[in-house]
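First up is the structure itself, then whatever we jot down about it.
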Amino acid sequence: MTSSNTLPTPIELLRKAVLAAYYALLIYFIVNALMVFGEFRPASFAIWLIQVTPLLLFARGLHYANLRTYGWVSFVILLYFMHGVLIAFRPGQFWLGLVEALLCTVIFVLLIVFIRQYRDHYQVSL
């Protein structure tokens with residue numbers, strides 16, 4: 001983040017949008033685990049934890065607007081996009097896969113726009 005810990009308003013709004021979409025994806029995985037098992041059990045929590053651990057590793061960097069973290073998350077989110085597409089082709093899970101793929105697409109686009117706006121404003125490289 002910048003030395004004054006403030007971002008220009010358009011960049012701050014993008015950061016908040018990225019975080020909102022990021023947390024929406026985490027919530028999606030909770031709902032998905034509950035739908036698969038029908039109720040909350042230790043197995044559903046374990047599956048959720050395995051699914052979200054790669055995302056949780058980047059949480060701190062996303063909150064502090066670390067540009068390098070945003071770049072890495074844009075790569076990792078593509079793996080989740082592929083997972084969503086694969087889930088969409090399973091019988092009876094089309095909507096779950098579609099929601100995951102759409103959330104990943106939104107996050108990816110927001111990440112790329114944030115990175116570009118940040119780089120243009122502060123004249124830094126990734």
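Does anyone have the angle between helix 94-122 and the longest principal axis of the chain? Alpha-carbon axes, 0 to 90°, nearest 10?
In the chain, helix 94-122 runs at an angle near 10 degrees to the longest axis.
Given a Förster distance of 25 Å, report the FRET efficiency between residue 19 and residue 125 from their Cβ-Cβ distance, rounded to the nearest 0.05.
It comes to 0.60.
Can you tell me how the stretch 18-89 classifies by the Cα gyration tensor, rounded, prolate or oblate, using a/c under 1.5 as the rounded cut?
Prolate is the answer for the stretch 18-89, as a/c is 1.5 or above and a/b outweighs b/c.
Can you give me the relative contact order of the chain as a percent, contacts being Cα pairs under 8 Å and 6 or more apart?
It comes to 29 percent, rounded to a whole number.
Just to confirm the number: angle between the C-alpha axis of helix 67-88 and the first principal axis of the chain, 0 to 90 degrees, nearest 10?
For 67-88 against the chain, the angle is about 20 degrees.
Among residues other than residue 83 whose Cβ falls under 12 Å from its Cβ, what is the net charge (Lys/Arg +1, Asp/Glu -1)?
The answer is 0.
Can you tell me the orientation of helix 9-37 relative to the chain, as the angle in degrees between its alpha-carbon axis and the longest Cα principal axis, to the nearest 10?
Taking the Cα atoms of the chain, the angle to 9-37 is about 10 degrees.
Give the separation of the Cα centroids, the stretch 44-79 to the stretch 12-31, in Å.
11
For the stretch 47-126, which chymotrypsin sites (Phe, Trp or Tyr not before Pro) are both in a DSSP coil and crowded by at most 10 other Cβ atoms within 10 Å?
89
Is it possible to state the helix-based mean residue ellipticity at 222 nm for the chain, with each DSSP H run of 4+ residues giving -39500 (n - 2.57), the sum divided by total residues, to the nearest 500 deg cm²/dmol? What is it?
-27500 deg cm²/dmol
From the list (1) 79, 30, 17; (2) 33, 32, 32; (3) 48, 27, 20, can you say which value of Cα extents along the principal axes in Å was derived from the structure given?
This structure yields the entry labelled (3).
Quick note: the coordinates plus some simple rules give every number you see, no bench work behind them. All of these numbers come straight from a predicted model, not from anything done at the bench. Glycine gets a Cβ as well: all are built from the backbone with ideal geometry, and neighbour counts include every protein chain shown.
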